[in-house]
Structures are given as structure tokens and as C-alpha cells.
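*Asks:* Got a structure here, written out as C-alpha cells. Questions coming.
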């Protein structure tokens, strides 16, 4: 088990280097001189050339890439933002907690609401419950997050005045953005739980448990749910990774200073180091989340645990 | 059971919400579009950072909305010669860290702006040769070449006076921990979210009438307006065209509009035939109804400038030049005279919706005189690259004069040595005007130079002026004393709550 985890962590390295290379190459060949774009209209030609020299922008491609990897590995220095002149590491570390909080709450809401709804839908299949939940799930899935967000702001902030319309400092400010972002996830988790449960609930071992005289709630929650959880856990893991990768629209509507927003700004202004740093951070997080999900399988499904022994 | 659970959950949520909404009225909350990038006055040239700097720092002089110069950290000044300005400094000015402002701080601040750290504002500082300290309260700024527009630029953020000791001590971290002499002192900054300033009780001038200034960045225009409507923000800007009616129609809010010192223009590539021929340029100008184009795209916001020097900057002739009238007959006649048939041109623009819309209408109007045009929309980086390589025929771009001096409105665009001269203008007579204007002190002689220059530019026609924007801000009715300015460096120094 430990060996498996260590091996997976080792595999992260070529993934990260590969991602860094792809991003680096794309940014390198995209037209637009970062020196000119960052220094703006009031810089002199001399100042622009000095900037290019100082940042090593005139060196050949592989030299630039090599320097980048070397500094990242030895000093944890993944460059300085061209715009703010501060280390990229600091900028991302500062923005990450907000995105993390937002994604975490969104996933929590998805699980807390989605799984029970899915179970309910499955055991009361074709009932009024099922139909209503499925319709709501369809609506949640199809609503664009920015529209849902704006609607919620107008209702809860402007007309009712219950909740603040932007920012992320207080608990009350976190409610609307998390709900808006979670809308799609809730729907997907509900539907996935429902279909997974339906498959399981008609299995032989469930019939055995019932005929044993087991209480219905134990049959559903212990026997059926456990077996139905694997696809749901996969989905939640992927969803979490996706939410972490930027939640850009939600962050824009609700003015949340997270990774998605700083990435958009960095791309617009050709802030190379920032874009690279941001993509690397997202790649690492995604890989780690996937690893965690894989490890979690082992605890849920004894068959998989046996494989790793 | 479930219902009780939810009810219990709801109560603390409502309490939190209530706490969040009740803000003491000793705090001014401003919703800006973007966050500042740095609080170091020479490390940026963007407007949100300049606004932050105007609250935290003072400059030697201050130029008001009417173009009049006022003493600030300098109480008086003398022009010892064309290249030497003696500035007498105010005594007893305290920095936020308790130190007193001395001539050494002024020398340090201005000379620092000439180093690589000030690359973004080098155009303003490049003419500084040195700053001589006369005594603790007087300096002489020595320039390399005579340039009276430099004096006006001393009111710009780049010339903010820093505390030498604090700046040197903080080094690279200075941008996040500013120390100035301004009426607000720095408290905290959550990057990308908001920064908080507090009244500086040791300020040399009139103290601010409220305790805390909180500036939040909300990039979405609709979210900003909603924040204003819900009372979460006291002032919000910019208010975009679509939101104007909402703010105007709201009885709890006021809308403030000021003409901006900016211009959107369509420039010709004067290095490429046939645009080398002024008749072609004139023909294209006559074929376009600029007033109608501006009205259609901007729907009542801004106006069409008639001179490159904005109307709110001194010596502008914008008020005296009549609005352009479309003249299709003359356009056709000029094209025929120049011997050009079936002209095909490309119009370059970046992705900004308004510019693309203007280009589309212009394309249709040009078609009527037999000129076929293709619109090429490019992403910003690619756009700048292409303009530098002079690959375009005609292009749409903008320019802002943050310092209200006619030199800055023109030289960056049309001087033969300028970096942003995408029209490729290299006219010795125009360069001569610009040179003379810089070397002449303010007065009737300088006024004549710039008036002649503006008329000459209109004759030379390197560009067609399309639009001059407005600074539009919305605020709660009880907020008074906010100075919404034409150069977008809005001031909250005089704000009070009614």
C-alpha cells in the first residue's frame, strides 16, 4: 500500500515537468512581447530593452526553460510576476486559500445534498420524489453558473438584503458563491448516485440481506450504498479537481480573489511567470486529488485493497 | 427533527448576515474595477495604483480640474533657468512613520525614478539630470534639456515623495508596505481583493473626515452596480453604459460624469502607400460620419473630439474647431484626383467590442465611396506586435493623457522618436512644434505654439478622432465631497457623509 502511494507520487514528477514544458512552449510562441505589454506606453525603448535583458527574455528557448526548472527545483523560486514584481509562489499561495475554501464548500454541499437525494431517488424510483429531484438536477446542470450567480445576488442581496453580494471574508459571504458553484456538482452527484444505487439495489446480495430479515435502512445504507459509492467517489474527486482548477466565472461574479481570477489577469497581460506558476499549481493539485481518490478506493472496496497488498 | 435542525442552522446564518450588513459610517467603501498592482509610485503606470498612491502620498505640486497649479509639498518655486527649477519645501511635514520630510527625501524620490525600477514611467523621469539639495527645505531639480511639460508632470504619481529611510529598509517589499506623507496611511492589503487605509492624524493639511477607506476590486460591471444598490459600497466606478440608467433611476444613488482626458482614434500608417498622400487620408475622413459612429456605438456617453489635445487640457482648441461633417462628394472627388480606384484597405483593431463596432460602421460608410475594407481583429499582444512592425493600413487605438499638459497628449503618439507612434509620423514641422512647446514656459507664447500645432495636426491628418470617454461614477446620496477627475485619479480626500 505504502509502496503504491510512493510510486504514484514519483509519477507526479514527469507529469509536472511535462505540463511545465507545454505551457512554457505555448507562451513562448504566442505573439506579444511581455516587456512592452508590462511596461506600457510611458516606458522608453531603452527601458524595454533593459527589461528584456534583465529577465533573460533574449536567451534561446531551452536556456530559458532550463533556468526555470533549475531555479524551481533548487530554490522553490518559480519566478517573479512581471506585473507585481513579487514572487509567483507568494501570489499563488495568497490566492489559493480562497479557491480552496470555495471548492471545498461547494463539494461539501454537493455531497451533503447530492448523495441523500440520489439515494432517495433510487429507492423511491418513479415516485413524485424521483421526478422532482431529477427535474431539479436537470435544471441545475443546465444553468450557466454566472447566470445563476447573478440571479441569486439579485434575489438574496438586492431585494431581500439577507446576504452580501460579493467578497469572501465572512461566513455569510461564502454561502451564495458556494451554492452557485455547487449547482452543477449537486446535479451530477445526484444523478450518478441514483443510477449507481439502482444498479446495486437489484443485485442478488441485496435480496439475500432482505430475506435475512435485515432492517431496510441497514440494507440501503450499509450494503447498497457502499457498493454504489465507487463511481460517485470518482466523480466527486474529479469534480473537486475541476472546481479547484479555477472556478473562474464564480470568482469573477462574486469578486473572489482566487487562483482563477489571477490566472485570467495573468493571461491577459502576458505575465509569463504567473501563468506558468498557476498552471503548475493546478496540475499538482489535480494530480494529488486523483491520488487521494485512488487511495480512498482501497478503503471503500476490499477487492481493490487486496490488489495493492 | 429535520425542520428543527434547519431552523437552528438558519438562525446563526441570519445573525452573521446582519452583522455583515451593518457597517459603521466611519468607513468609506469604494468599489473599483481592478486592484492596484503596487503601492510603489514608480513601479506602475496604471490608474487603480495611481489612485491608491494619491491617497497615500503627496507630490510637490497639485493641478486641479481647471488646470490650475497649487502648492502641495512645495510651497513655492522659481524657474532659475530653462533647466533648473528651485522648489521650496513645506516645513513640518510628517511621514506616516513619524519622520519629517526633508530635501534629502525629495532628492531620493526623484532620482530613484530615473533608475530601472521606474521603467514604466521613464518617459516622465528620463529628462532628470540630478536633484541638488540646497538646504533641508529647498532643492533644485536639474534637467538635461529644457522641458516645461516636466513641471506639470511633477503632479503625477511618479513624482510622489517617499521616505528615503523606509524605502531603502524595505527594498523589494516596499510595494506592499508604503510610507508616504498623504492624508491616508496604509493598513493592510489582500491582493486581488481589497486594500484598507486609515486616516493619518499627523497630516500637514486638512484631515480626512472619516476613519477608514476600504477599496475593493470588483471586475464585473454588473456586480459593482449591485454592490452599490445593496449598500455594500458607497462609491463605485466605472459605471458602464448599460448600467447608467439603473443608477440614474435609483433614488438612493447619484451619478457623476466628467469628460475624460483620453481619446480613441483611427490612425493611418503613413509609411505605406497610398496613405502617404494626404488626399487619400482626407478622402477617408470625409467619407466617415464620425459623430454618427460615436453616437451609435457609445449611446450618449462621451463625445467626438475635434483636436488631439483634450478639451480639459490647457491650450486646447477643441472648443473652437467645428464638428466634422460627412462629405461623400468631396471624398469621391479627392480619390479621383489622387488617381485611386477600387481602394482595398485593412482596418486593424483589438478585441474591445466598441472598437470593433466602430470599425464595422466605418467599413459600411467607406463602401459608399468605393473603398472596400477588411476588418482584422487581433488579440492584444499580437496587435501590439503587428503595429510595431507597421503591417497595418489603418488601426483603432486609444491614448490617455494622465498629466494635463498638451505635450503629453501629442508627443507619445506623433513625435518621430516616440515608441507608440504607430502612424509612423515623421514630420519635421510637427517635431519642431513639440520641441518649441517644451522649451517655452507657460504663457501666451506657449499657447500660440500649441494652437498652431493643433491646427497643423488637423491639416496633416495622421489620425481621425473617434471618441473621447467620460469618467462615470455612482455613489450613495449621502456621500459628498468625492472628486471624480478627468484623468481618472479620483480623490477621496474631501469625502464626508451627510
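The values are calculated or read from the model by the stated rules, or taken from the named source; none is laboratory data. These figures come from a predicted structure and were not determined experimentally. Positions of Cβ are generated from backbone atoms using ideal geometry, with glycine treated the same way; all protein chains shown enter the neighbour counts.
*Asks:* Kindly check whether there is at least one residue in segment B:263-277 that is surrounded by fewer than 19 Cβ atoms within 10 Å (Cβ to Cβ), at pLDDT below 90 and assigned to a helix (DSSP H, G or I).
*Replies:* No: zero hits.
*Asks:* Restricting to segment A:158-200, give me the number of residues that are surrounded by 24 or more Cβ atoms within 10 Å (Cβ to Cβ), within 11 Å of chain B (Cβ to nearest Cβ) and either in contact with a strand residue (DSSP E or B) (Cβ under 6 Å, 6 or more places away or on another chain) or assigned to a helix (DSSP H, G or I) (or both).
*Replies:* Counting residues in segment A:158-200 that are surrounded by 24 or more Cβ atoms within 10 Å (Cβ to Cβ), within 11 Å of chain B (Cβ to nearest Cβ) and either in contact with a strand residue (DSSP E or B) (Cβ under 6 Å, 6 or more places away or on another chain) or assigned to a helix (DSSP H, G or I) (or both) gives 1.
*Asks:* Right, another one. Are any residues in segment A:145-157 under 21 Å from the mean Cα position of the chain (by Cα) and at the interface with another protein chain (Cβ under 10 Å from one of its Cβ atoms), and if so, which ones?
*Replies:* Those that are under 21 Å from the mean Cα position of the chain (by Cα) and at the interface with another protein chain (Cβ under 10 Å from one of its Cβ atoms): A:146, A:149.
*Asks:* Can you pull out the residues in segment B:440-490 that are over 19 Å from residue B:261 (Cβ atoms) and in a helix (DSSP H, G or I)?
*Replies:* Residues satisfying the conditions are B:444, B:445, B:448, B:449, B:452, B:455, B:456, B:459, B:460.
*Asks:* Name the one entry in A:36, A:71, A:7, A:3 that is over 16 Å from residue A:278 (Cβ atoms), within 11 Å of chain B (Cβ to nearest Cβ), without any contact (Cβ under 8 Å) to a residue 60 or more places away in the chain and part of a helix (DSSP H, G or I).
*Replies:* Step by step, each of A:36, A:71, A:7, A:3 is checked, and only A:36 is over 16 Å from residue A:278 (Cβ atoms), within 11 Å of chain B (Cβ to nearest Cβ), without any contact (Cβ under 8 Å) to a residue 60 or more places away in the chain and part of a helix (DSSP H, G or I).
*Asks:* Right, another one. Please verify whether segment A:22-29 includes one or more residues that are touching a residue at least 12 places away in the same chain (Cβ under 8 Å) and within 21 Å of the chain's Cα centre (by Cα).
*Replies:* Yes - at least one qualifying residue is present in segment A:22-29.
*Asks:* With the checklist (1) farther than 28 Å from residue A:216 by Cβ; (2) part of a helix (DSSP H, G or I) in hand, flag the one item residue A:133 doesn't pass.
*Replies:* (1)
*Asks:* Only one of (1) without any contact (Cβ under 8 Å) to a residue 40 or more places away in the chain; (2) more than 14 Å from every other protein chain (Cβ to nearest Cβ); (3) part of a strand (DSSP E or B); (4) within 25 Å of residue A:83 (Cβ to Cβ) fails for residue B:197. Which number is that?
*Replies:* Going through (1) without any contact (Cβ under 8 Å) to a residue 40 or more places away in the chain; (2) more than 14 Å from every other protein chain (Cβ to nearest Cβ); (3) part of a strand (DSSP E or B); (4) within 25 Å of residue A:83 (Cβ to Cβ) one by one, residue B:197 breaks only (1).
*Asks:* Let me ask something else. How many of the residues in segment A:242-278 are outside any helix (DSSP H, G or I), more than 11 Å from chain B (Cβ to nearest Cβ) and surrounded by fewer than 23 Cβ atoms within 10 Å (Cβ to Cβ)?
*Replies:* 2
*Asks:* Does any residue of segment B:210-227 turn out to be more than 10 Å from chain A (Cβ to nearest Cβ) and in a loop (DSSP other than H, G, I, E, B)?
*Replies:* yes
*Asks:* If residue A:95 satisfies all but one of (1) within 13 Å of chain B (Cβ to nearest Cβ); (2) over 23 Å from the mean Cα position of the chain (by Cα), what's the number of the condition it fails?
*Replies:* Single failed check for residue A:95: (2).
*Asks:* Give the number of residues within segment B:393-447 that are crowded, with 18+ Cβ neighbours inside 10 Å, within 14 Å of chain A (Cβ to nearest Cβ) and touching a helix residue (DSSP H, G or I) at 6+ places or on another chain (Cβ under 9 Å).
*Replies:* Selection size over segment B:393-447: 19.
*Asks:* So which of A:19, A:15 ends up being away from chain B (no Cβ under 14 Å), touching a residue at least 40 places away in the same chain (Cβ under 8 Å) and buried (at least 18 other Cβ atoms within 10 Å of the Cβ)?
*Replies:* It is A:19.
*Asks:* Checking residue B:192 against (1) within 26 Å of residue B:37 (Cα to Cα); (2) over 23 Å from the mean Cα position of the chain (by Cα), which test does it fail?
*Replies:* It fails just one condition, (2).
*Asks:* Applying the selection to segment A:109-123, what residues are touching a residue at least 12 places away in the same chain (Cβ under 8 Å), within 14 Å of chain B (Cβ to nearest Cβ) and surrounded by fewer than 24 Cβ atoms within 10 Å (Cβ to Cβ)?
*Replies:* Matches in segment A:109-123: A:109, A:113, A:120.
*Asks:* I need the full set of residues from segment B:163-183 which are surrounded by fewer than 18 Cβ atoms within 10 Å (Cβ to Cβ) and within 14 Å of chain A (Cβ to nearest Cβ), in order please.
*Replies:* Of everything in segment B:163-183, those that are surrounded by fewer than 18 Cβ atoms within 10 Å (Cβ to Cβ) and within 14 Å of chain A (Cβ to nearest Cβ) turn out to be B:170, B:171, B:172, B:173, B:177.
*Asks:* Here's a follow-up. Filter segment B:307-317 down to the residues that are within 19 Å of the chain's Cα centre (by Cα) and buried (at least 18 other Cβ atoms within 10 Å of the Cβ) and list them by number.
*Replies:* B:307, B:308, B:309, B:310, B:312, B:313, B:315, B:316
*Asks:* Right, next: Tell me yes or no: at least one residue of segment A:25-33 is within 8 Å of chain B (Cβ to nearest Cβ) and in contact with a helix residue (DSSP H, G or I) (Cβ under 6 Å, 6 or more places away or on another chain).
*Replies:* yes
*Asks:* Take segment B:267-299 and flag every residue that is in contact with a strand residue (DSSP E or B) (Cβ under 7 Å, 6 or more places away or on another chain) and closer than 22 Å to residue B:241 by Cα.
*Replies:* Scanning segment B:267-299 gives B:290, B:293, B:294, B:298.
*Asks:* Moving on to the next point. Quick check on my filter: what residues within segment A:279-296 are buried (at least 19 other Cβ atoms within 10 Å of the Cβ) and over 13 Å from the mean Cα position of the chain (by Cα)?
*Replies:* A:280
*Asks:* Can you tell me which residue among B:69, B:115 is surrounded by fewer than 20 Cβ atoms within 10 Å (Cβ to Cβ) and free of Cβ contacts under 8 Å to residues at least 24 places away in the same chain?
*Replies:* Only one candidate passes the filter, namely B:115.
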